[in-house]
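Below: the structure, in structure tokens.
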Amino acid sequence: MSAPKPRLSFWQIWNMSFGFFGIQFGFALQNGNASRILTTFGADVEHLSWFWLAAPLTGMIVQPLIGYYSDRTWTSLGRRRPYFLAGSILASTALMLMPNSQVLASFLAPLYIGAGILMVMDASFNVAMEPFRALVADLLPADQRTLGFSVQTFLIGLGAVLGSWLPYLFAEWFGVEKTAPDGEVPYNVTLSFYVGAVTFLIAILWTVLTTKEFPPDEEYLKEESAKGKKGISQIVSDFARMPKTMKQLGLVQFFSWFALFSMWVFTTSAVATHVYGLPSEDRSSETFNEAANWVGIMFGVYNGVSAIYALMLPFIAAKLGRKTTHALSLTAGGIGLISIYFIHDPTLLLFSMIGVGIAWASILAMPYAILAGAIPPQKMGIYMGVFNFFITLPQIFKWHHRWADCEIPLRLSGYLQSCDGRSLFIDWRPLRALCR
């Protein structure tokens, strides 16, 4: 796009990002409850990471493709908005079906139906989510991009707070049933997924109906149509030629998401066993459901902190610089995660989530604000999609590698982890190195 971009008002930026509120509302319900639902349907805790492998794999495939094709799309709805709308319809449908997998048990075991719906949900979330990063870079001048991504992060945090807390609020405030027979999902969770589906769709429609996109540059379209490389081959070519800044940010993203994925997958079971003192095989007692609901509150707290801190990021970055701001925020997150092991009072876990929330806000905003100025505008969609590789790769690497002869029970969560024969691995209780 060769013409200078006009500055947008705060509310225009708000409207163009509002769909992310719905996306993260759905993500929060998935992150806080998918493991719980799958264990209800019979999944072993030790195998949960295999079900969650669907998320990084679908993201790795879907986001670059959506970015590639949205760069080349122009319809009456615009360039990015058709993908928002299609993804929201599919994701809302999956949210409605996820807690009701047992209804389809006559066709297949509920566990496998639930896992299949989880995959569809992940793919749909990615279809709806990927173009939002590119949309900010498409429509905002460089000096407004930190604000744009910070508003997105605020809406992500707000949606995540409500999505994370909803099962708890339904159970504790409105008296909705929070327990269920073995093999069935409690109704407070099911109702939360229904509300999440409607919220997801309405939020996306708000952005679609209130945001006007700029048409792509005609010379760029002619140039692209004349090129021989299409689809996957173009994505591979662009990945190989990614800018240096993107490579540096990718390394930071890899390690940041390495930690986040661990937290999302195992927090419910870790809190139930480590803090509430339940046996690992307990998946349906009232105490287990209380622990699971409290995890929703914990996740809501870190997302709430994230929402507040996101509004501060433009001012902090203006004083310290984007890189320093991001580095300090990640340090706070690391301290928060480490502190979880030493806490045995559920209430005190909320303080750990403050550090996590600071890091989460920065992870969702600063890398994209830095990246947007380092990549060609005509490839904004595809590079924002390719950047997702550095989010999905650590998720796959973390839980599914098998190296050397070093399989260790890491007592932070109580589940089997793997490491290579050279890494330092710490069991925090005896505080001693376990790998050579």
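None of Leu155, Leu111, Leu135, Leu201 is buried (at least 17 other Cβ atoms within 10 Å of the Cβ) and either modelled with pLDDT under 80 or over 21 Å from the mean Cα position of the chain (by Cα) (or both) except Leu111. Within the range 284-295, being part of a loop (DSSP other than H, G, I, E, B) and either in contact with a Lys or Arg (Cβ under 8 Å, 6 or more places away or on another chain) or more than 17 Å from Ala34 (Cα to Cα) (or both) holds for one residue alone: Ser285.
Could you please find all residues in the range 236-245 being surrounded by fewer than 20 Cβ atoms within 10 Å (Cβ to Cβ) and in a helix (DSSP H, G or I)? Answer for the range 236-245, where residues must be surrounded by fewer than 20 Cβ atoms within 10 Å (Cβ to Cβ) and in a helix (DSSP H, G or I): Val236, Ser237, Phe239, Ala240, Lys244, Thr245. Restricted to the range 310-427, the set of helices (runs of 4 or more DSSP H) holding at least 3 residues that are touching a helix residue (DSSP H, G or I) at 6+ places or on another chain (Cβ under 8 Å) and modelled with pLDDT under 80 comprises 380-387, 389-400. Taken as a whole, the structure places Phe149 among residues that are modelled with pLDDT of 85 or more and within 17 Å of the chain's Cα centre (by Cα). With respect to the conditions (1) within 21 Å of Leu158 (Cβ to Cβ); (2) of a type outside the set (Gly, Ala, Ser); (3) surrounded by fewer than 15 Cβ atoms within 10 Å (Cβ to Cβ), Asp345 falls short on a single one, namely (1).
Across the range 1-59, the qualifying residues are those that are among the β-branched types (Val, Ile, Thr) and at pLDDT below 85, and the one among them that is nearest to the chain's Cα centre (by Cα) is Thr58.
Residues in the range 74-99 that are among the polar types (S, T, N, Q) and either in contact with a Phe, Trp or Tyr (Cβ under 8 Å, 6 or more places away or on another chain) or not assigned by TED's automatic domain parsing to the domain that holds Val127 (or both): Ser88, Ser92.
Sort out which residues of the range 164-198 are modelled with pLDDT under 85, within 22 Å of Val301 (Cβ to Cβ) and crowded, with 21+ Cβ neighbours inside 10 Å, and write them in order of number. Listed by number, the residues that qualify are Ser164, Trp165, Tyr168.
Here Glu130 fulfils each of the conditions (1) out of contact with any Phe, Trp or Tyr (no Cβ under 6 Å at 6 or more places or on another chain); (2) crowded, with 24+ Cβ neighbours inside 10 Å; (3) modelled with pLDDT of 80 or more apart from (3).
The values are calculated or read from the model by the stated rules, or taken from the named source; none is laboratory data. This one's a predicted model, so the numbers in the text were calculated from it and none came from an experiment. Don't worry about glycine lacking a Cβ; one is built from the backbone with ideal geometry, like all the others, and counts go over all protein chains shown.
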